[in-house]
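**Q** Could you have a look at this structure, given as structure tokens, before my questions?
The values are calculated or read from the model by the stated rules, or taken from the named source; none is laboratory data. Note that this is a predicted model, so its numbers are computed, not measured. Backbone-built Cβ (ideal geometry, glycine too); neighbour counts: all protein chains shown.
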Amino acid sequence: MLQALIGPSRRLEIPLSSIQVALETPMGCGVGTCLGCAAPQRESGYLLTCQDGPCVRADRIDWDRMADQFHG
């Protein structure tokens, strides 16, 4: 659903840095130990939803990798 909103935002030239998204990832431990809540970060590596979120700026997420992150 978030991916569906990011596409139109890009077409309308709305900067992703002005959009906050709430990530709904599984959080097993809630402290970053299990890495179950990892979401791909734009620069490299991963954001941990339990530590960096659950709300993050949309420009911090690698949306191309996020599309398949949980839906293999």
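**Q** Go over the candidates Val21, Val31 one by one and state the one that is β-branched (Val, Ile, Thr) and outside any loop (DSSP other than H, G, I, E, B).
**A** Only one candidate qualifies: Val21.
**Q** Leu35: touching a strand residue (DSSP E or B) at 6+ places or on another chain (Cβ under 8 Å) and surrounded by 13 or more Cβ atoms within 10 Å (Cβ to Cβ), yes or no?
**A** no
**Q** Does Ile6 meet the test of being surrounded by 12 or more Cβ atoms within 10 Å (Cβ to Cβ), assigned to a helix (DSSP H, G or I) and among the aliphatic types (A, V, I, L, M)?
**A** So Ile6 fits the description; yes.
**Q** In addition: Taking Ala58 as the residue in question, decide whether it is without any contact (Cβ under 8 Å) to a residue 40 or more places away in the chain and within 25 Å of Ala4 (Cβ to Cβ).
**A** Answer is no for this residue.
**Q** Suppose we keep only residues that are assigned to a loop (DSSP other than H, G, I, E, B) and touching a helix residue (DSSP H, G or I) at 6+ places or on another chain (Cβ under 9 Å) within segment 35-72. Which one would you say is modelled with the highest pLDDT?
**A** Arg42
**Q** Output yes when any residue across segment 10-20 is among the hydroxyl-bearing types (Ser, Thr, Tyr) and surrounded by fewer than 15 Cβ atoms within 10 Å (Cβ to Cβ), and no when none is.
**A** Yes: segment 10-20 contains one or more residues that are among the hydroxyl-bearing types (Ser, Thr, Tyr) and surrounded by fewer than 15 Cβ atoms within 10 Å (Cβ to Cβ).
**Q** Quick check on my filter: what residues within segment 21-32 are within 25 Å of Arg10 (Cβ to Cβ) and either loosely packed, with under 13 Cβ neighbours inside 10 Å or at pLDDT below 85 (or both)?
**A** Ala22, Glu24, Thr25
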